[in-house]
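S.K.: Next up is a structure, given as structure tokens.
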Amino acid sequence: MPDTQLREVRQPKAHDSAIKQITGEARYIDDQREPAGLLHCYPGKASIASGKVVAMDLSAVAAAPGVVSLIKVADIPGKNDCSPIFGDDPIISEGQITFHGQVIFAVLAETRDQARWAAQLAKVEYEEEKAFISVEQANSNDSTVLPDYQMGRGDVVVDLAKASNRLQGHLEIGGQDHFYLEGHVSMVEPGEDGDMLVHCSTQHPTEAQHQVADCLGVPHHAVEVRIRRMGGGFGGKESQSGQWACLAAIGAKMTGHPVKIRLDRDDDMILTGKRHEFEASYDVGFDNQGRIEAIDLTLLGRCGHSADLSGAICDRAMMHSDNAYFLPSVAIHSRRLRTHTVSNTAFRGFGGPQGVLSIERVMDHIASSLGIDALEVRKVNLYGDEGRNTTPYEMEVFDNIAPELIEQLEASSNYQNRRAEVVEFNRKNKYLKKGLSLTPVKFGISFTATHMNQAGALVHVYGDGSIGLNHGGTEMGQGLYVKVAQVVADSFGIDLERVKITSTTTAKVPNTSPTAASSGADLNGMAAKIAADEIRGRLAEFAAGLFQASKDDVRFENNEVVVGTERLDFTDLVKKAIFARVSLSSTGYYKTPEIQWDVATGTGKPFFYFAYGAAVSEVTIDCFTGEYKVDRVDILHDVGHSLNPAIDKGQIEGGFIQGMGWLTTEELKWDDKGRLRTHAPSTYKIPTATDTPDVFNVDLFKGDGNRAETIYRSKAVGEPPLMLGIAVFSALTNAVVNATGRMPKLNAPATPEAVLLALRDGDYLV
Amino acid sequence: MPSISLTLNGRSVSGEVETKTLLVDYIRENQKLTGTHVGCDTSQCGSCVVHVDGKSVKSCTMLAVQVDGSEVTTIEGLATGEELHPMQEAFRQNHGLQCGFCTPGMVMSAVDLVAGNPDISETEIREGLEGNICRCTGYHNIVKSVQAGAKAMGG
């Protein structure tokens, strides 16, 4: 459909639940009316990181007030596993403890307080074993969850040896807790025939369905997983929401009662995985302009005690360690390290951010060593024309708009004048120093596991001309539901308000992929359009018959059907169609074309296209304390032709702040016993309203739309903007370089403490 | 169990309540008003903010027995019938929400914060909202919403 006929798509429509959310009517799972007889489940946790349970006395737990039953590993009727792929995540430990906090039993009680209280009364004896907590411990002991992997091209050893300049560096990258405002929660209602209705706050209803069915030992058809909305997900509810649904379902099967489980925030942080910590080491050769001639890069990922999604996450880190730059001779090595900590998982960017940050550190390091502005180094390294347009995994960068986008942002942010002002400011000030940085993002869109790039939808047209819309995507605040509804409304030429968005459920659309990889609107928007267009086609054919016209002459616009000079209200046409026995319900199915990946050679076209963006960040650091302020941020981001510019800008703003938080204030600390010491917002600092830049300009890139054939030529927007936050980290690095005159040992997150230590390490004001 | 009486969203309610019951649990479980959310369980995130005698309070920080004799307003009591409160309207118009979980607390905090101060500065708003965490929006549209809401509420 040409853009001129779009009435809802491209409009800045409000989030589908906006009014319900501001009036308190929107129901999250814990807000649903509780069914009669509801029991509350709570897990009992291991208090060591590594070892065996020698004895477990649960008599005090069982005798506690309100306790109805205990769930022990022997009570699991089917498979004791809630892993997404590898079968290595027990729902309840079978005696071997692999991280501090691991579930060793669960309690069912009349109230949540009673269950929580009782769960702490277990007397457990352990035989402790050696625990690997840090990246270094795991790496030096070759402790891995999956085999090492590498990709690249050229003879890097030879090319490094003959490079004009060469340097080595190392960067530690911290993890990140999702801190979705709604923690993990599930409520399970048993039905007849052993059926279970599972309300689960999950980005992956299909996986939760499989896990619940498998742990109960029933067919998948016996389990329906339903989710209307989540209070945030960010990847944390992709593979790690199933465990809680499983525990509740086992409890429901044992007792015949409905069962709810809602983790306390501290336990949510202790018991569920986070963004992977990484350590990057590089050896890079470059010419006198800073253009990379060869690079050898090693990425160590701290995966935690099980594989979870770590294979694909570490792959994506490797595939993004080029970011927007051409690396002519390159070797990328990846290790997937096993530590005795919670299993790290998907988090917005899925490894990509760690890869991008690694190469951006290289850019800053090269610039610092040559004494030139890092933006010049970044520019000479950008992907370009033939000969400089293939990634390390041999995919052509066919849609490279990074040079143009950076040029526009450089001008609109007044970068060059501000660079001069920063130099002048730093000349005049000894105790305050400024840093300025422009960093780009190029992010590959598609699941790297090719088979996951599929989606289904189900559209019904009812007799009054209202539409029921369902698809496999889940709503976690990102605005997927309203975007897909806009698409469907335009297929029928009707108002958005006539489209009812219904809860995501495995009973309507089966075998779905998670809402992840930024792919929600790309996949589900296309599937819903295919379903709607199928019905529209039937209606068009019927209307053509009514007016003795050709099907191609039928138009749907302004809630009417127009055939030549004849006009008919959409509802009237629908009524006539039902009377004439026309089916007004259809599924839609979409799979992303063109993509493929060869694991053996580490080459292929894993992405349908790339999304681009760039950010300029200016910071001021206090060299006495290490404290800093983000003075100004300018963002230009590419969303193709936007389906909904208001929603997209919200994703960019929120993604940037989340990325900035990851690299500045959000610090996860484990002690040597493997205990997470930052398990509440009191100690784990996510950005608040005062942590944002003083000046914050966000614009959408005005280009020619997505060159790949996506839904109305839009681009995915969920993850890419998170990496815009790297501009703040880079600006902080620049400020320290401006103070000390040399490249600092500044790791992420660059907390004020870390900045102060970096200044001291550079002998500044010592 | 002690007995309490209060005005909840303009309606008189009374009944017995356990001394250890938190105000948020009383609101959500006893009164079935689930717009007030529990985000962090430890009085930090602000998802549970309600008004007690016109002042914003984190309802997981207070016991139900402490509101005996008070007027309590939750997010459900803010609109007048079908007509949204100006602050609610401002959040809708300015896209001041994404997942919506923090929104009720954010709106309740904002209403108290700007009361009597239609020209409140951006800095005052940001500092006033430090006790309300949002993980989705980056606060940009929330601050815009609160500024617009303050204007619409007037002096």
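The values are calculated or read from the model by the stated rules, or taken from the named source; none is laboratory data. The structure displayed is predicted, hence computed values, not measured ones. All Cβ positions, even for glycine, are placed from backbone atoms using ideal geometry, and neighbour counts span all protein chains on display. With ligands, DNA and RNA removed, areas are computed over all heavy atoms of the protein, side chains included. Shrake-Rupley method; radii C 1.70, N 1.55, O 1.52, S 1.80 Å.
S.K.: Using only Cα atoms, figure out Rg for the protein assembly as shown and give it as a multiple of 2.2 N^0.38 Å.
M.R.: On the way: Rg = 27.8 Å, N = 921, 2.2 N^0.38 = 29.4 Å.
The reported ratio for this selection is 0.94.
S.K.: In chain B, if every C-alpha pair distance is counted and binned at 10 Å from zero, what percent goes to each bin?
M.R.: With 10 Å bins starting at 0, P(r) equals 12, 43, 33, 12, 1.
S.K.: Suppose the chain between A:S412 and A:D671 were pulled fully straight at 0.36 nm per residue; how much longer would it get relative to their current alpha carbon spacing? Before the final figure, lay out each step's value.
M.R.: Working: separation 259, 0.36 × 259 = 93.24 nm, distance 4.58 nm.
Between A:S412 and A:D671, full extension yields an extra 88.7 nm.
S.K.: Same structure, new question: Translational diffusion coefficient, Stokes-Einstein: compute it for segment B:86-153 using the Kirkwood radius over C-alpha pairs as Rh, at 37 °C and 0.692 mPa s, and state it as an integer in µm² s⁻¹. Spell out each step's value before the answer.
M.R.: Details: Rh = 11.3 Å.
Answer, rounded: 289 µm²/s.
S.K.: Looking only at trypsin sites (Lys or Arg not before Pro) in DSSP loops with at most 12 other Cβ atoms within 10 Å, what is the longest site-free stretch of chain A?
M.R.: The longest uninterrupted stretch comes out as A:163-429.
S.K.: Which of rounded, prolate or oblate describes segment A:530-665 when judged by the alpha-carbon gyration tensor and an a/c cut-off of 1.5?
M.R.: Values: a/c = 4.08, a/b = 2.28, b/c = 1.79.
It comes out prolate by the Cα gyration axes.
S.K.: With each pseudo-label sitting 7 Å past Cα toward Cβ, what's the A:A507-B:E82 distance in nm, one decimal?
M.R.: A separation of 3.2 nm, rounded to one decimal place.
S.K.: Roughly speaking, to the nearest percent, how much of segment A:486-551's 1.4 Å accessible area is carbon and sulfur?
M.R.: Details: 1100 of 2180 Å².
Heavy-atom surface of segment A:486-551 belonging to carbon and sulfur, 1.4 Å probe: 51 percent.
S.K.: Could you tell me which of B:L63, B:H140, B:L22 has its Cα farthest along the dipole of segment B:2-155 towards the positive end, charges placed at Cβ (Lys, Arg +1; Asp, Glu -1), taken about the Cα centre?
M.R.: Checked the options; the winner is B:H140.
S.K.: Given Cβ point charges of +1 (Lys, Arg) and -1 (Asp, Glu) and nothing else, what value in debye, to the nearest 20, does the dipole of the protein assembly as shown about its Cα centre take? Each step should come with its number before you reach the end.
M.R.: Values: 87 positive and 119 negative charges, 37 e Å.
Computed about the Cα centre, the dipole is about 180 debye.
S.K.: Between chains B and A, what is the buried accessible area summed over both chains (1.4 Å probe, protein heavy atoms, nearest 100 Å²)?
M.R.: Numbers: alone 8040 and 27960 Å², together 32180 Å².
Roughly 3800 Å² of accessible surface disappears when B and A pair.
S.K.: Going by Cα centres, segment A:285-332 and segment A:193-234 are how many Å apart?
M.R.: About 36 Å separates the Cα centre of segment A:285-332 from the one of segment A:193-234.
S.K.: When Cβ neighbours within 10 Å are restricted to other protein chains, what is their mean count per residue of peptide A:684-695? Numbers along the way, then the final one.
M.R.: On the way: counts 0, 0, 4, 5, 10, 19, 8, 4, 5, 2, 2, 0.
Mean partner shielding for this stretch: 5.
S.K.: What whole-number value in Å² describes the accessible area per residue of segment A:575-673 for a 1.4 Å probe?
M.R.: Working: 3600 Å² over 99 residues.
Value for segment A:575-673: 36 Å² per residue.
S.K.: Additional query: When you take every Cα atom in segment A:469-532, what is the radius of gyration, and what is Dmax, the widest Cα pair distance, in Å?
M.R.: According to the Cα coordinates of segment A:469-532, Rg and Dmax are 10.9, 30 Å.
S.K.: Another question, if that's okay. How much of the accessible area of segment A:264-392, probe 1.4 Å, is carbon plus sulfur, in whole percent? Don't jump to the answer; show the numbers that get you there.
M.R.: Values: 1150 of 2450 Å².
With neighbouring chains kept in place, the figure for segment A:264-392 is 47 percent.
S.K.: So what's the back-of-envelope 222 nm ellipticity for chain A, counting only DSSP H runs of four-plus at -39500 (n - 2.57) apiece and dividing by all residues, rounded to 500?
M.R.: Working: 19 runs with 221 residues, N = 766.
Helices in chain A give a 222 nm mean residue ellipticity of -9000 deg cm²/dmol.
S.K.: Kindly identify segment B:3-74 as rounded, prolate or oblate by the Cα gyration tensor criterion: order the square roots of the eigenvalues as a ≥ b ≥ c, call it rounded if a/c is under 1.5, otherwise compare a/b with b/c, prolate if a/b is larger, else oblate.
M.R.: Values: a/c = 1.65, a/b = 1.37, b/c = 1.20.
Prolate shape, in that a/c is at least 1.5 and a/b is the bigger ratio.
S.K.: List the trypsin sites (Lys or Arg not before Pro) within segment B:1-83 that fall in a DSSP loop (any state other than H, G, I, E or B) and whose Cβ has at most 12 other Cβ atoms within 10 Å.
M.R.: Details: sites: B:R11, B:K20, B:R28, B:K32, B:K55, B:K58; in loops: B:K20, B:K32.
Passing sites in segment B:1-83 are B:K20, B:K32.
S.K.: Here's a follow-up. Between the alpha-carbon centers of segment A:125-153 and segment A:367-387, tell me the distance in whole angstrom.
M.R.: If we compute the Cα centre of each part, the gap is 35 Å.
S.K.: At a Förster distance of 45 Å, what's the computed FRET efficiency of A:H221 paired with B:E29, Cβ-Cβ distance as r, to 0.05? Display every interim value, and only then the final one.
M.R.: Values: r = 34 Å, r/R0 = 0.76.
Using R0 = 45 Å, I get an efficiency of 0.85.
S.K.: Roughly how many Å² is the accessible area per residue of segment A:244-288, as a whole number, for a 1.4 Å probe?
M.R.: Working: 780 Å² over 45 residues.
Solvent-accessible surface per residue comes out at 17 Å².
S.K.: Leaving out ligands and nucleic acids, and using a 1.4 Å probe, what accessible area per residue does segment B:86-153 come to in Å²?
M.R.: Values: 2090 Å² over 68 residues.
Solvent-accessible surface per residue comes out at 31 Å².
S.K.: Based on the Cβ-Cβ distance from A:E376 to B:T123, what FRET efficiency comes out when R0 is 35 Å, to the nearest 0.05? Write down the numbers at each step before the final one.
M.R.: Working: r = 36 Å, r/R0 = 1.03.
The formula returns an efficiency of 0.45 here.
S.K.: Residues with beta-carbon under 11 Å from that of A:I19, excluding A:I19: net charge, scoring Lys, Arg +1 and Asp, Glu -1?
M.R.: On the way: positive: A:K20, B:R92; negative: A:D16, A:E25, B:E82, B:E89.
Overall, the nearby charge balance is -2.
S.K.: Additional query: Explain nothing, just the number: dipole magnitude of segment B:86-153 about its Cα centre with +1 on each Lys and Arg Cβ and -1 on each Asp and Glu Cβ, in debye rounded to the nearest 20.
M.R.: Working: 5 positive and 7 negative charges, 57 e Å.
Computed about the Cα centre, the dipole is about 280 debye.
S.K.: Taking the Cα centre of segment B:3-74 as origin and charging only Cβ (+1 Lys, Arg; -1 Asp, Glu), how large is the dipole, in debye to the nearest 20? All intermediate terms of the calculation are to be shown ahead of the outcome.
M.R.: Values: 6 positive and 8 negative charges, 39 e Å.
The dipole of segment B:3-74 has a size of about 180 debye.
S.K.: Could you list which residues have their amide H under 5 Å from that of A:M395, counting only those 5 or more apart in sequence or on another chain, with H placed in the peptide plane?
M.R.: A:G604
S.K.: Distances over 25 Å make up what percent of all Cα-Cα pairs in segment A:247-374?
M.R.: Numbers: 3435 of 8128 pairs.
It works out to 42 percent of all Cα pairs.
S.K.: Let me ask you something else. Only protein chains counted, 1.4 angstrom probe. Which residues of segment A:631-671 are at least 10 Å² less accessible in the assembly than when their chain is isolated?
M.R.: Those are A:A646, A:G650, A:Q651, A:E653, A:G654, A:I657, A:Q658, which lose 10 Å² or more relative to the chain on its own.
S.K.: Suppose the chain between A:E110 and A:R33 were pulled fully straight at 0.36 nm per residue; how much longer would it get relative to their current alpha carbon spacing? The partial results should precede the final answer.
M.R.: Values: separation 77, 0.36 × 77 = 27.72 nm, distance 1.58 nm.
Taking A:E110 through A:R33 to full extension adds about 26.1 nm, to one decimal.
S.K.: Shifting gears a bit: So which lysines pass the test for B:K58, namely a Cα distance under 18 Å, with those fewer than 8 places away in the same chain ruled out?
M.R.: Within the straight-line limit of under 18 Å, B:K58 reaches these lysines: B:K20, B:K32.
S.K.: Just to check I understand the Karplus step: with θ = phi - 60° and J = 6.51 cos²θ - 1.76 cosθ + 1.60, what whole-Hz values come out for segment B:43-59, glycine and proline as x?
M.R.: 6, 10, 7, x, 5, 9, 5, 10, 9, 10, 6, x, 9, 6, 9, 6, 6
S.K.: Another question about this same structure. Over all distinct alpha-carbon pairs, what is the Kirkwood Rh of segment A:391-440 in angstrom?
M.R.: In segment A:391-440 this quantity evaluates to 13.4 Å.
S.K.: Could you check the spin-label model distance between B:D112 and B:T7? Points 7 Å from the Cα along Cα→Cβ, value in nm.
M.R.: Those two pseudo-labels are separated by 1.7 nm.
S.K.: Using a loss threshold of 10 Å², tell me which positions in segment B:71-101 are less accessible in the complex than in their chain alone. Probe radius 1.4 Å, ligands and nucleic acids ignored.
M.R.: Buried by the other chains: B:I75, B:E76, B:L84, B:Q88, B:R92, B:H95, B:L97, B:Q98, B:C99, B:G100, B:F101.
S.K.: When the Karplus curve 6.51 cos²θ - 1.76 cosθ + 1.60 is applied with θ = phi - 60°, which whole-Hz ³J(HN,Hα) does each residue of segment A:631-637 get, with x for Gly and Pro?
M.R.: Result, rounded to whole Hz: 6, 7, 9, 10, 10, 10, 10.
S.K.: With r as the distance between the Cβ atoms of A:D763 and A:Y462 and R0 = 60 Å, compute the FRET efficiency 1/(1 + (r/R0)^6) and round to 0.05. Kindly include the intermediate steps, with their values, before the conclusion.
M.R.: Details: r = 74 Å, r/R0 = 1.23.
E(calc), rounded to 0.05, equals 0.25.
S.K.: Another question about this same structure. Projected onto the charge dipole of the protein assembly as shown (+1 at Lys/Arg Cβ, -1 at Asp/Glu Cβ, origin at the Cα centre), which of A:P403, A:S281, A:L432 gives the Cα projection farthest towards the positive end?
M.R.: So the residue we want is A:L432.
S.K.: Round to a whole number: what % of the accessible area of segment B:86-153 belongs to carbon and sulfur, probe 1.4 Å? Show your work: numbers first, answer last.
M.R.: Details: 910 of 2090 Å².
Ligands and nucleic acids excluded, carbon and sulfur give 44 percent.
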